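Contents: one structure, followed by commentary.
The values are calculated or read from the model by the stated rules, or taken from the named source; none is laboratory data. As the structure is a prediction and not an experimental result, all values here were calculated from the model. Here the Cβ is made from the backbone with ideal geometry for all residues, glycine too, and neighbour counts use every protein chain on show. Accessible surface areas use protein heavy atoms only, side chains included; no ligands, DNA or RNA. Shrake-Rupley method; radii C 1.70, N 1.55, O 1.52, S 1.80 Å.
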Amino acid sequence: MKFFLFYTAVLPILVSCTNNPRTAGTVSKQDSVVVKQSFFPVTSYIRGQLYEMKKMGINPLKYTITGNHTDSVWLKIEDIDEAVKEFLTPEIDSANLVDLFTEKNFLDQTIGAFTFTYDPIAKLPDTLKLRRWDVHIDPGTEKVKRVYLVKEISKSKTLQLIWQSNKYCKITTIITDQNGNSSVEKEEKITWDLN
């Protein structure tokens with residue numbers, strides 16, 4: 001029953017979204033209706049998660065894995081924004097980025113989630129480091145399960161973020177050499193669900 005309710009609530013949103021990048025943000029001459037994509041507000045969601053973490057008053061534990069070496073340290077709650085600052089810009093919502101990215105969505109039964117994927121429509125400006133992102137929503141609880149973002153910091157350095165709702169986030173730094181070979185330089189996992 002919850003799945004049905006969620007589906008009926010999400011269906012109008014999905015129907016209003018378009019997967020055709022040429023029609024995103026354009027006006028149809030036939031019926032004069034503006035067709036705009038509606039992006040999930042990822043940045044607001046992450047800021048909300050940070051707010052909830054601070055409200056709990058629990059200092060998160062940060063693990064840094066480099067090669068076979070793991071370090072751990074308690075982060076001060078006031079330092080958490082700094083630890084994830086790279087993923088707080090640009091603002092991901094429906095007010096911007098609709099001219100650069102397109103949304104596709106489907107029910108992924110292998111992970112048991114509605115998956116919303118956002119990929120570039122064409123070549124992105126050099127000033128924009130964000131390359132793509134996914135949002136996974138649990139059809140049973142109707143809440144975000146996970147967010148995945150990719151930012152290209154430079155031609156040789158890429159950051160990937162996995163944000164597991166109410167539990168942890170993991171930032172993976174990937175280095176690409178001159179021959180195009182990629183390797184993980186380090187992983188940083190910040191966890192605030194200590195149960």
*Report the residues of region 177-195 in range of a label on I65: point 7 Å along Cα→C-beta, backbone N strictly under 11 Å from it.*
186-189
*Just the number, please: carbon plus sulfur as a percent of the accessible area of region 41-130, 1.4 Å probe, no ligands or DNA/RNA counted.*
54
*Using a 1.4 angstrom probe, figure out how much accessible area region 70-170 has per residue, in square angstrom, rounded to the nearest whole.*
52
*Could you give me the ³J(HN,Hα) list for region 142-147, computed from phi with Karplus coefficients 6.51, -1.76, 1.60 and θ = phi - 60°, whole Hz, x at Gly and Pro?*
6, 10, 5, 8, 7, 10
*Once phi is turned into ³J(HN,Hα) by the Karplus curve 6.51 cos²θ - 1.76 cosθ + 1.60 with θ = phi - 60°, what whole-Hz value does each residue of region 172-177 show in order, with x for glycine and proline?*
10, 9, 10, 10, 10, 7
*Using a 1.4 angstrom probe with every protein chain in place, what is the largest-first accessible-area order of Y51, Y148, Y63?*
Y51, Y63, Y148
*asked:* Give me log10 I(q)/I(0) at q = 0.22, 0.30, 0.33 Å⁻¹ for region 129-169, Debye formula, one equal scatterer per alpha-carbon, no solvent.
replied: -0.70, -0.96, -1.05
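Go through 42-50, 90-98 and give me the packing order, highest mean Cβ count within 10 Å leading. The partial results should precede the final answer.
Details: 42-50: 17.3, 90-98: 15.7.
Sorting 42-50, 90-98 by mean packing, highest first, produces 42-50, 90-98.
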_Quick query: amide H of S38 versus all other amide H atoms, modeled in the peptide plane; which residues come in under 5 Å with a sequence gap of 5 or more or a different chain?_
T18
*asked:* In whole Hz and in residue order, list the ³J(HN,Hα) couplings for region 127-135 that follow from phi through the Karplus curve 6.51 cos²θ - 1.76 cosθ + 1.60, θ = phi - 60°; x for Gly and Pro.
replied: 6, 8, 8, 5, 10, 5, 7, 10, 10
_Can you compute the equivalent ellipsoid semi-axes for region 114-195, i.e. the square root of 5 times each eigenvalue of the Cα gyration tensor, sorted largest first and rounded to whole Å?_
26, 18, 9
*Given H placed 1.01 Å from N in the peptide plane, which residues other than close sequence neighbours of T102 have an amide H under 5 Å from its amide H?*
D119, I121
*So how do 130-143, 104-117 stack up, highest first, on mean other-Cβ count within 10 Å?*
130-143, 104-117
